[in-house]
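The values are calculated or read from the model by the stated rules, or taken from the named source; none is laboratory data. Treat the numbers as computed from the prediction; the structure is a model and nothing was measured. Note that we place each Cβ from the backbone using ideal geometry, even for glycine, and neighbour counts take in every protein chain shown. When the accessible area is computed, the model is the full protein with side chains, heavy atoms only, and any ligands, DNA or RNA have been set aside. Shrake-Rupley method; radii C 1.70, N 1.55, O 1.52, S 1.80 Å.
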Amino acid sequence: MDQIQRAYALLQDWKGSSYVHGLGVLDQVGALASQYGKRVLVVGNTTYLKPVTEAVVASLGKAGCTLAGSVVAPDAKPNAPREDVYRLETYILHTKPDCVVAVGGGSTIDACKCAIALAVLGEQITPEVDHYFGTGVVSEALKQTGLSMIPLVAVQTSASSGAHLTKYSNITDPVIGQKKLIVDMAVVPTSSVFDYSVTASMPLSVTIDGALDAIAHTFEVFCGAKGETYAKAQELAECAISLCAEYAKVLVSDPTNSKAREAIGLATDLGGYAIMIGGTSGAHLTSFSLVDVTGHGTACGIMNPYYAVFFSKAIEAQLKVVGKVFRTYGYSDEQIEDLEGRALGEAVAKAMIAYGKSINAPTTLGELKGFGEAHIQRALAAAKDPQLSMKLKNMPVPMESKDVDVYMEKILRSAQTGDLSLIKEM
């Protein structure tokens, strides 16, 4: 079984009929959404994604659905700013749809997840979005009130975060440039559609960002995996990283290559699967403080080699698996299987950096336009935020707030310059 077939099999075992994905499947949105009622609020882009949004509306019409409010609600801006969440909540409250269809990338889908929670719970709990950040807060509020979420059909348009499959909603406070996170099974979309060919309508940089995010999701979860989740996390990481290692550079050379788009779409979906069985850690935590200078996947792609060195003594088995994949596709000539400890971590880090360079991605923080000392201080402060503490705890070498200034600052300085020797191990 090749890696593309392997990915389809893994996703079918996980999501079954609630997820429709592949090439040329956009016309199936109507059949999925009509299961939840006939009045549908569509949230989508009507400029550069206009043909996609119109195709979704046409599919809904063929299934006998009507547009709640008779309009398409404008989608969310990048990184799901909180004001877009409040705006979409207003659409939901005014149009009272049977279900919401979110057409877009991770930002639009995440904003819709959060907006539905606010629309349902705002009157009885609180209309302030900050209350719902953290783990399980939405589910607890639903239990307390006896209310139910409005069904959400997520129509993914970019190979990116896996938002259409997961329990995460990343929302940004643009004033301070900081992301915060809802982690809750209650916000998992009811059904999802991803036509991988649609990613051709997005800038190539978005798909490359997605490939880096797929690696980050599967790598970070695998590094933290234990017990019964270890074997599945390994399978997801091997498959997703192999797809990215083989096909991302194909897209750089030929953005119209449909097989490569299918492969990167599948890899990002496997990344979504991974974060449903385990948690991300250091690179994701840092990425939340870089929203104003780079994409999420790119931020994680920059940071993971440096965290790999920091974690190296605790994740030797995982590093040998991942290092072997990168070596197979020509990103390292090291004898990975013969290395251990920090030497192993540095070898895998160098392979990940070589991969990033092969797809024209930045591999240090210093390469990011607009990056400066304020971002390092923001990242260190965010790491001490109790609402993001799960990221510290998910690390293969868990940190506490008191460790952040001692160890994480060294990792950030290393990532800023590319000097692996700056990293101090616990």
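What is the gain in length, in nm to one decimal, between ILE277 and LYS369 on full extension, counting 0.36 nm per residue of separation less the C-alpha to C-alpha distance?
29.7 nm
Taking the dipole about the Cα centre of the chain, with the C-beta of Lys and Arg at +1 and of Asp and Glu at -1, give me whichever of HIS131, LEU10, SER401 is farthest to the positive side.
HIS131
Counting each DSSP H run of 4 or more residues in the chain as -39500 (n - 2.57), what helix-only mean residue ellipticity at 222 nm follows after dividing by all residues, to the nearest 500 deg cm²/dmol? Provide the component values of the computation, followed by the final result.
Details: 16 runs with 214 residues, N = 426.
The per-residue figure over the chain is -16000 deg cm²/dmol.
Helix 230-253 versus the longest principal axis of the chain: what is the Cα-based angle in degrees, 0 to 90, to the nearest 10?
Here the helix axis deviates by roughly 90 degrees.
With +1 assigned to the C-beta of every Lys and Arg and -1 to the C-beta of every Asp and Glu, and no other charges, what is the dipole magnitude of the chain about the Cα centre in debye, to the nearest 20?
That gives the chain a dipole magnitude of about 420 debye.
Could you pull out the pairs from LYS50/LYS249; LYS15/LYS50; LYS77/LYS180; LYS313/LYS402 whose alpha carbons sit more than 26 Å apart here?
Correct reply: LYS50/LYS249; LYS15/LYS50.
In whole Å, how far is the Cα centre of the stretch 173-238 from that of the stretch 241-264?
The two parts, judged by their Cα centres, are 17 Å apart.
Placing +1 at every Lys and Arg Cβ and -1 at every Asp and Glu Cβ, with all other atoms neutral, what dipole size does the stretch 1-95 have around its Cα centre, in debye to the nearest 20? Please report the intermediate quantities before stating the final value.
Numbers: 9 positive and 8 negative charges, 35 e Å.
Around 180 debye, computed over the stretch 1-95.
In sequence order, what are the phi-derived ³J(HN,Hα) couplings for the stretch 325-331 according to the Karplus relation 6.51 cos²θ - 1.76 cosθ + 1.60 with θ = phi - 60°, rounded to whole Hz, with x for glycine and proline?
4, 4, 5, 4, 9, x, 9
If you average the alpha carbon positions of the stretch 134-160 and of the stretch 391-426, how far apart do those two centres end up, in angstrom?
33 Å
Starting from the Cα of THR328, step 7 Å along the direction of its Cβ; do the same at GLU400; then give the gap between the two resulting points in nm.
That separation, rounded to one decimal, is 4.1 nm.
Heavy atoms only, probe 1.4 Å: what % of the accessible area of the chain goes to carbon and sulfur, would you let me know?
52 percent
Taking the Cα centre of the stretch 277-426 as the origin and placing charges on Cβ (Lys, Arg +1; Asp, Glu -1), which of ALA317, LEU339, ASN304 is farthest toward the positive end of the dipole?
In the stretch 277-426, that residue is ASN304.
Heavy atoms only, probe 1.4 angstrom, no DNA, RNA or ligands counted: give me GLU367, GLU228 ranked by accessible area, highest first.
GLU228, GLU367
Based on the alpha-carbon gyration tensor of the chain and its eigenvalue square roots a ≥ b ≥ c, which shape applies: rounded if a/c is under 1.5, prolate if not and a/b is larger than b/c, or oblate? Before the final figure, lay out each step's value.
Details: a/c = 1.87, a/b = 1.41, b/c = 1.32.
Prolate, because a/c is 1.5 or more and a/b exceeds b/c.
Enter the angle in degrees (range 0 to 90, nearest 10) between the Cα long axis of helix 50-62 and the first principal axis of the Cα atoms of the chain, meaning the one along which they spread out most.
50 degrees
In terms of the Cα gyration tensor, with a ≥ b ≥ c the square roots of its eigenvalues, is the stretch 108-262 rounded because a/c is under 1.5, prolate because a/b exceeds b/c, or oblate?
Here the stretch 108-262 falls in the prolate category.
Report the label-to-label distance for ASP385 and LYS62 in nanometres (one decimal), using points 7 Å from each Cα along the Cα→Cβ vector.
According to this spin-label approximation, the distance is 4.3 nm.
Assuming R0 = 30 Å, can you tell me the calculated FRET efficiency for the pair ASP130 and LEU204, based on Cβ-Cβ distance, to the nearest 0.05?
Working: r = 35 Å, r/R0 = 1.18.
Efficiency, from the Cβ-Cβ distance: 0.25.
Would you list LEU290, LEU142 from the most to the least accessible area, probe 1.4 Å? Can you show the working numbers first?
Details: LEU290 5, LEU142 25 Å².
The residues order as LEU142, LEU290, largest area first.
Residues in the stretch 383-403 near a label at SER139, defined as backbone nitrogen under 20 Å from the 7 Å Cα→Cβ point?
Only 387-395 pass the distance filter.
Quick one: if you stick a label point 7 Å off each Cα along the C-beta vector at ILE176 and LEU23, how many nm between them?
About 4.7 nm, to one decimal.
Per residue, how much accessible area does the stretch 270-322 have with a 1.4 Å probe, in Å²?
Using a 1.4 Å probe on heavy atoms only, each residue of the stretch 270-322 averages 18 Å².
Rounded, prolate or oblate: which fits the stretch 261-417, taking a ≥ b ≥ c as square roots of the Cα gyration tensor eigenvalues, rounded meaning a/c under 1.5, else prolate when a/b beats b/c?
rounded
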